[in-house]
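Novice: Dropping the structure in here first, questions after.
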Amino acid sequence: MRLSRKSLYAIIGIIVLLFVVAIYRGYQINADVATKNVAISEVTPTSGPTGTEILIRGEGMLTNENTVTIGDKTVTGLTSDDGTSLLFYVPGDLTAGSYTLAVKNSLGQSNTSTFTVTAQ
């Protein structure tokens, strides 16, 4: 089967159009990710003893390499499956008191929240 020149140009045109659309959509997706800020919207629970599992909800969490600071302690290498939540445990060497908590990754640093460490 032989294609006419007109059919061949039509097929090439469709391929080029699909390619351009795919590139454009790729840039849109990357631009959306790049403009997201790291933000905390909720911390659950807001208090507990050392070793407590904390869930941080928000946006801008990356699939890997998120860091949480709680007071002067740092928890590194945290992952997020959905980009909106992180789980970590309160470090064992914190004493009772209120601590500022923040998330940091390559997109920046989040707003802060407070977690209160209670006595064991």
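Novice: Criterion first (touching a strand residue (DSSP E or B) at 6+ places or on another chain (Cβ under 6 Å), at pLDDT below 95 and either assigned to a helix (DSSP H, G or I) or under 30 Å from TYR99 (Cα atoms) (or both)) does LEU8 satisfy it?
Specialist: Numbers: touching a strand residue (DSSP E or B) at 6+ places or on another chain (Cβ under 6 Å): no; at pLDDT below 95: yes; either assigned to a helix (DSSP H, G or I) or under 30 Å from TYR99 (Cα atoms) (or both): yes.
Against the criterion (touching a strand residue (DSSP E or B) at 6+ places or on another chain (Cβ under 6 Å), at pLDDT below 95 and either assigned to a helix (DSSP H, G or I) or under 30 Å from TYR99 (Cα atoms) (or both)), LEU8 does not qualify.
Novice: Shifting gears a bit: In the range 75-89, which residues are crowded, with 19+ Cβ neighbours inside 10 Å and part of a loop (DSSP other than H, G, I, E, B)?
Specialist: First, the residues of the range 75-89 that are crowded, with 19+ Cβ neighbours inside 10 Å: 80, 86, 88.
Result: SER80, single match.
Novice: Same structure again: Among the residues of the range 54-77, which ones are closer than 14 Å to LEU101 by Cα and not β-branched (Val, Ile, Thr)? Lay out the reasoning, then the answer.
Specialist: Filtering the range 54-77 down to residues closer than 14 Å to LEU101 by Cα leaves 54-58, 66-76.
Result: LEU55, ARG57, GLY58, ASN66, GLY71, ASP72, LYS73.
Novice: Taking into account only those residues within the range 90-115 that are in a strand (DSSP E or B) and exposed (fewer than 13 other Cβ atoms within 10 Å of the Cβ), which is modelled with the lowest pLDDT? Talk me through it step by step, then tell me what you get.
Specialist: First, the residues of the range 90-115 that are in a strand (DSSP E or B): 97-105, 108-109, 113-115.
Narrowing further to those that are exposed (fewer than 13 other Cβ atoms within 10 Å of the Cβ): 97-98, 100, 108, 114.
Working: GLY97: 97, SER98: 98, THR100: 97, GLY108: 93, THR114: 97.
Among them, the one singled out is GLY108.
The values are calculated or read from the model by the stated rules, or taken from the named source; none is laboratory data. In this text, all values refer to a predicted model and were calculated from it rather than measured experimentally. Reconstructed Cβ throughout: ideal geometry from the backbone, glycine too, with neighbour counts over all protein chains shown.
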